[in-house]
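Working notes, beginning with the structure itself.
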Amino acid sequence: MSFLSNLFSSSSNSASNMSYPDSRTADEWRAVLNKEQFRILREKGTEAPGSGTYDKHYPSDGVYTCAGCATPLYKANHKFKSGCGWPAYFDSIPGAVTRHEDRAFGMTRTEIVCSNCGGHLGHVFKGEGFPTPTDERHCVNSVSLNFTPEDKKA
């Protein structure tokens, strides 16, 4: 596998041994997710930059939810234009996202997953200098998300 195809395949599975409230089996996830959702949410893959539905989606109201379990993850007003090629948020809904160390590809990053089902969302980066309240960028795969214009209780 080439470096580029490996880069968009999967990250470290260090978080896969964790348990989450929604603990469906791989077969149960395959029954409700399409192939790309399964690859990204359950196998920790990454979509190609700029390819996602929500990369250039900037509503003023609403909530982004986990595409696997429908847990509210991000408020629309926390999304910002980072130019990275993936949806970017400066913060998540409190308690909705869990962080894990990811040492894949010879580097250390912070992986983010849905706190309810453990679905892979992407990675969070700090200190990049974006003019946001947290100086964080939650770099999230569009495939990991759904959007609803109404606020959902977290």
Point to revise | Complete set of residues in segment 60-91 that are assigned to a strand (DSSP E or B), of a type in the set (D, E, K, R) and within 26 Å of P21 (Cα to Cα) | key: K75
Check your understanding: Among F105, F38, F80, F90, which is the only one that is at pLDDT below 95 and of a type in the set (F, W, Y)?
Key -> F105
Review point. Right, F147: of a type in the set (A, V, I, L, M, F, W, C) and outside any loop (DSSP other than H, G, I, E, B) or not?
Key: yes
Review point. Is there any pair linking a residue in segment 131-143 that is under 20 Å from F38 (Cβ atoms) and in contact (Cβ under 8 Å) with a residue 60 or more places away in the chain to one that is of a type in the set (D, E) and in a loop (DSSP other than H, G, I, E, B), with Cβ under 9 Å and at least six apart or on different chains, and which?
Key: N141/E47; S142/E47; S142/D55; V143/E47
Practice item. Kindly provide the set of residues from segment 112-123 that are surrounded by fewer than 22 Cβ atoms within 10 Å (Cβ to Cβ) and assigned to a strand (DSSP E or B), ordered by number. Key: H123
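The values are calculated or read from the model by the stated rules, or taken from the named source; none is laboratory data. Keep in mind that what you see is a predicted model, and the values were worked out from it rather than measured. Here Cβ is always computed from backbone atoms with ideal geometry, including for glycine, and neighbour counts include all displayed protein chains.
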